[in-house]
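> Please read through the structure below; I'll follow up with questions.
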Protein chains: 2
Amino acid sequence: MSLPNVILGFLNVEPMTGYDLKKNMDHSTQLFWHAKLSQIYPTLKQLETKGLVKAKVVPQKGKPNKKIYSITKAGRRDLITWLNEPLDESNPIKSAVFLRLFFLGVLDKEDILSQLRCQLEAQRARLKRTRQAEIIIQEAGQTPGLAQQALMWDLLHQLGKLQMQTSVQWFEKAILVVEKRL
Amino acid sequence: MSLPNVILGFLNVEPMTGYDLKKNMDHSTQLFWHAKLSQIYPTLKQLETKGLVKAKVVPQKGKPNKKIYSITKAGRRDLITWLNEPLDESNPIKSAVFLRLFFLGVLDKEDILSQLRCQLEAQRARLKRTRQAEIIIQEAGQTPGLAQQALMWDLLHQLGKLQMQTSVQWFEKAILVVEKRL
DNA sequence: CAAGGCATGTAAATCGTTACATGATTTA
DNA sequence: TAAATCATGTAACGATTTACATGCCTTG
């Protein structure tokens, strides 16, 4: 239900193609939102039909023509309405990792430990990858119209980092506890 | 794709109905997994067809007959295979709250602040509700066959609490930053 | 006496993934 | 020369939500 809103949010920053939208999601929202190209393209068409975005076709040789989408006034209104809506406080999420951990106690000590060690490494790797996001945010902070958004991005990024650090420390502790107590 | 596994995980603890499964999810996994009854019932049927669970019908007056499902040997094998599978390290998640925060910088200062305050309260409320889970976990720790699972549940619960505390503190800070810097 | 809990399900619609289809350009 | 990047899309399938359908019992 939110993919149209995500797209409007990105197009409000600057016009871009479906392909660009995908890359932006991969680089900046992948920790809390993502979509495949096969979902993005049809959604863009729907948004165009509703008059919330409009496309400009740029011919290319050897590739399909680029379709650069930009947000319309109606689209901007829609985006702002969505941002002001109250969020129901339940915040439902699905995490394959947490789910796995929840039932992990079914396994033998050694199998539990190997899963925990594996997830610890994955978590450390995620934490390292945050550098790239930092650079993008700092650049945005320089761009005149984006200073306010960059401030929010910076704050959110700090939260993400804290959460990841908490997770890493927790995995380290969990491994010790399982080693001793089982 | 994981709902069958969640169901097997719960039925491995003790036999129960679809309705009970829903309640268990609402009380213990709601922070990282959930499902509606309209999805649980058909999934139970599929699992029965595959021989991973079996049902015992208990007649009732004035209500539909209870169907108490239990896990089979094949089901237990399936569960353990799943638990040992490697998780792809990308851990894709969707969070409506984070998404909202990501684009919140589009709004005016006062609208940003009212959303942040609202989310801070929601987060505090979530943190308070963790008491109930603590009690359930401690009870499980006493049950002989469940000690090892209860240990994992306790660890996970600690992580959940830490993450929520981190969020609360972050919201408090974010509100101050927005008040001063915008 | 109204609201919520107990207890089952089906049907339709929407959301999301996987697989298919194309093909030039750049990088390793 | 193989793989990745650029760039668009469609079709089939699977996952999930929403709406519909029933009806007693318990609690406030």
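> Going toward the positive end of the dipole of region B:1-64, with +1 on Lys and Arg Cβ and -1 on Asp and Glu Cβ, which of B:Ser2, B:Thr43, B:Phe32 do you reach last?
The Cα lying farthest towards the positive end belongs to B:Thr43.
> Determine ³J(HN,Hα), in whole Hz, for all residues of region B:114-126 in sequence, where each value follows from phi through the Karplus function 6.51 cos²θ - 1.76 cosθ + 1.60 and θ = phi - 60°; x replaces Gly and Pro.
Once rounded to whole Hz, the list reads 5, 5, 4, 5, 5, 5, 4, 5, 4, 5, 4, 4, 4.
> Okay, next question. How large are Rg and Dmax for region B:95-182 when only the alpha carbon atoms are used, in Å?
17.5, 57
> If a/c stays under 1.5 just call it rounded; otherwise compare a/b with b/c (prolate if a/b is bigger, oblate if not). Do that for region B:49-96, with a ≥ b ≥ c from the square roots of the Cα gyration tensor eigenvalues. Let's see the in-between values first.
Values: a/c = 5.38, a/b = 1.73, b/c = 3.12.
In terms of gyration-tensor shape, oblate.
> Given charges of +1 on the Cβ of Lys and Arg and -1 on the Cβ of Asp and Glu, with all other atoms neutral, how large is the dipole of region A:10-72 about its Cα centre, in debye to the nearest 20? Present the calculation step by step, with values, prior to reporting the outcome.
Details: 11 positive and 4 negative charges, 62 e Å.
The dipole magnitude comes to about 300 debye.
> Name the long-range amide H neighbours of B:Thr17: under 5 Å, sequence gap of 5 or more, or other chain; modelled H, no Pro or chain starts.
Amide H neighbours of B:Thr17, under 5 Å, 5+ apart: B:Tyr69.
> Taking H as built 1.01 Å from N, whose amide H comes closer than 5 Å to the amide H of A:Val53, not counting residues under 5 places away?
Under 5 Å from the amide H of A:Val53 lie the amide H atoms of A:Glu48, A:Thr72, each far enough along the sequence or on another chain.
> Right, something else. Considering only the label points, 7 Å along Cα→Cβ from Cα, what distances in nm to one decimal separate A:Thr166 from the same position in each other copy, shortest first?
Output for A:Thr166: 0.6 nm, nearest copy listed first.
> Next question, about the same structure. Given 10 Å bins starting at zero, what is the percent of C-alpha pairs of region A:82-126 in each, up to the one with the largest pair distance?
21, 37, 20, 16, 6
> Using the Cα centre as the reference, give the magnitude of the dipole from point charges on the C-beta atoms of chain A (Lys, Arg: +1; Asp, Glu: -1; all else neutral), rounded to the nearest 20 debye.
On the way: 27 positive and 17 negative charges, 149 e Å.
Its charge dipole is roughly 720 debye.
> Using helices alone, I'd like the mean residue ellipticity at 222 nm for chain B: each DSSP H run of four-plus residues gives -39500 (n - 2.57), total over residue count, nearest 500.
Details: 8 runs with 119 residues, N = 182.
Calculated at 222 nm, the ellipticity per residue is -21500 deg cm²/dmol.
> Counting other Cβ atoms within 10 Å, which trypsin sites (Lys or Arg not before Pro) in region B:1-43 have at most 12 and lie in a DSSP loop? Don't skip to the answer; put the middle values down first.
Values: sites: B:Lys22, B:Lys23, B:Lys36; in loops: B:Lys36.
Sparse-neighbourhood loop trypsin sites (Lys or Arg not before Pro): B:Lys36.
> Additional query: Going by how many other Cβ atoms sit within 10 Å of their own, how do A:Trp153, A:Trp33 line up, fewest first? Intermediate results must be reported in sequence, preceding the final value.
On the way: A:Trp153 24, A:Trp33 21.
Ascending Cβ contact count within 10 Å gives the list A:Trp33, A:Trp153.
> What is the Cα convex hull volume of the protein assembly as shown when expressed per residue in Å³?
Details: hull volume 65.9 nm³, N = 364.
Dividing the Cα hull volume of the protein assembly as shown by its residues yields 181 Å³.
> Report the Cα-based extents of region A:1-156 along its three principal axes, largest first, to the nearest Å.
Taking the Cα atoms of region A:1-156, the three principal extents are 59, 39, 32 Å.
> Just report the Cα centroid separation between region B:9-29 and region B:123-166, whole Å.
So the separation of the two Cα centres works out to 16 Å.
> Using only C-alpha positions, report the orientation-averaged shadow area of the convex hull of region A:1-77, nm², one decimal.
Numbers: hull surface 20.8 nm².
With the hull built on Cα positions only, its mean projection is 5.2 nm².
> Separate question: How large is ³J(HN,Hα), in whole Hz, for each residue of region B:134-141 in order, when computed from phi with the Karplus curve 6.51 cos²θ - 1.76 cosθ + 1.60 and θ = phi - 60°, using x for Gly and Pro?
Listing the rounded values in order: 4, 5, 4, 5, 5, 4, 4, x Hz.
> Sticking with this structure for a sec: Using the basic label-point model (7 angstrom from Cα toward the beta carbon), what is the B:Lys54 to B:Glu139 distance in nanometres?
Distance between the two pseudo-spin positions: 2.8 nm.
None of the figures in this text is laboratory data; all of them are computed from the coordinates on show. In this text, all values refer to a predicted model and were calculated from it rather than measured experimentally. For neighbour counting, all protein chains shown are included, and Cβ atoms are generated from backbone atoms with ideal geometry for every residue, glycine included.
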